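The values are calculated or read from the model by the stated rules, or taken from the named source; none is laboratory data. Computed from a predicted model, the values in this text were never measured in an experiment. Every residue, glycine as well, gets a Cβ built from its backbone with ideal geometry; the counts of neighbours run over all protein chains shown. To get the accessible areas, we keep the full protein, side chains included, count just its heavy atoms, and leave off ligands, DNA and RNA. Shrake-Rupley method; radii C 1.70, N 1.55, O 1.52, S 1.80 Å.
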Amino acid sequence: MTNLPIKTREMHSHHFDSTIWNDFKFRNDDIVISTYAKAGTTWMQQIIAQLLFGGDPKLEVAEMSPWMDLRLPPKEIKLELVEAQTHRRFLKTHLPVDALCFSDKAKYIYIGRDARDVIWSLYNHHANANQMWYDALNKTPGLVGPEIGKPTEDIREYWNEWCQKDGFPFWPFWENVRSWWEIRDLPNVMLIHFSDLKKDMPSEIRRIAAFLEIEINDQYWPKILEYSSFQWMKQNAIKSVPLGGAFWDEGAKVFINKGVNGRWMDTLTPAEVTEYESRAKLELGNECAEWLKNGDS
Ligand code: A3P
């Protein structure tokens, strides 16, 4: 049997302040959405919002579902905000399990996505970020560790550096996936894969609803699907993307970018692909590496 995880460390960086969880008061129906990053966090926030509120296009999802361990706004402000929420809370994290305060009261959904797809998405996020993004991350008081700099112009170089320095300039990847995979048997943990969500969103949403014990009213089902679709989310990105997309000069649509996998196939060489896939098996074991690559189906 899997034991309830215990927090063993804090994570601080240009993005992280994991200490927020130490002061967070869990409620019995809390939902925590977790990913490494760029794996469908916003998609899941949108799906859960639609499930909770019965298909509503006006929901300000980014505001309703803050990224708890992002170090801005400061934790005091964020804690007050979530404490004041009266609806069922659905909060976002990018931490590995051992840097969280894991509670048996909450339900946790972790979304996996192949690292190559994650990085192709992250590169777009990073390369298009404006000065406001750099200032927010680097100039907000309390920075621990180095500032985040501009990415290289060449995505292959970006990928190779990220692999060599495990997650640079963001945070380690393998431990993140591994930590969630290890607790997948806990009754309050559900793993979802980006590819499965993409292949069959209706079935995956029904599975998510069952896990969260949310009854789906048939009347709202078509709306739930419509407002969770890529096309709708791209058109209405301002509501679901953090700060309405203010960190990108081109706006929130940059964040809801392509919504597809495999864009790395034209760029990475067969040798780079083999190297990555061997590393994934070494870091995660065969079963988890296979899941991360292809999902369950
Ligand atoms: P791409 O950059 O590959 O397009 P996160 O929210 O974790 O940062 O993940 C962002 C990724 O999820 C982006 O991937 C984005 O396009 C994708 N995404 C968001 N909503 C989606 C949807 N409804 N369908 C498919 N992909 C979606």
Find all pairs meeting these conditions: Cβ atoms under 6 angstrom apart; at least six residues apart or on different chains; first residue within region 117-145 and more than 16 Å from the ligand (Cβ to nearest atom) and outside any helix (DSSP H, G or I); second residue modelled with pLDDT under 95 and open to solvent by 50 Å² or more (accessible area, probe 1.4 Å). Asn130/Asp249
Kindly indicate the residue of region 220-257 that is charged (D, E, K, R) and not in a helix (DSSP H, G or I) and also farthest from the ligand (Cβ to nearest atom) among those meeting that condition. Asp249
Go through Val177, Val144, Val241 for me and flag whichever is aliphatic (A, V, I, L, M) and surrounded by fewer than 14 Cβ atoms within 10 Å (Cβ to Cβ). Val144
Sole miss for Glu83 among (1) closer than 29 Å to Leu51 by Cα; (2) in contact (Cβ under 8 Å) with a residue 24 or more places away in the chain; (3) touching a helix residue (DSSP H, G or I) at 6+ places or on another chain (Cβ under 9 Å); (4) away from the ligand (no atom under 16 Å from the Cβ) is condition (3)
Please determine, by comparing only the residues of region 76-97 that are in a helix (DSSP H, G or I) and open to solvent by less than 50 Å² (accessible area, probe 1.4 Å), which one is nearest to Ile214 (Cα to Cα). Val82
Just to be sure before I move on: is Ala210 open to solvent by 60 Å² or more (accessible area, probe 1.4 Å), assigned to a helix (DSSP H, G or I) and either small (Gly, Ala, Ser) or free of Cβ contacts under 8 Å to residues at least 60 places away in the same chain (or both) in the structure I sent? yes
Got at least one residue in region 260-276 being within 16 Å of the ligand (Cβ to nearest atom), more than 30 Å from Ser179 (Cα to Cα), buried (at least 16 other Cβ atoms within 10 Å of the Cβ) and among the aromatic types (Phe, Trp, Tyr)? no
So, of the residues in region 218-231 that are of a type outside the set (Phe, Trp, Tyr) and open to solvent by less than 70 Å² (accessible area, probe 1.4 Å), which turns out to be nearest to Ala62 (Cα to Cα)? Ser228
Quick check on my filter: what residues within region 30-54 are open to solvent by 20 Å² or more (accessible area, probe 1.4 Å) and either in a loop (DSSP other than H, G, I, E, B) or at pLDDT below 95 (or both)? Lys38
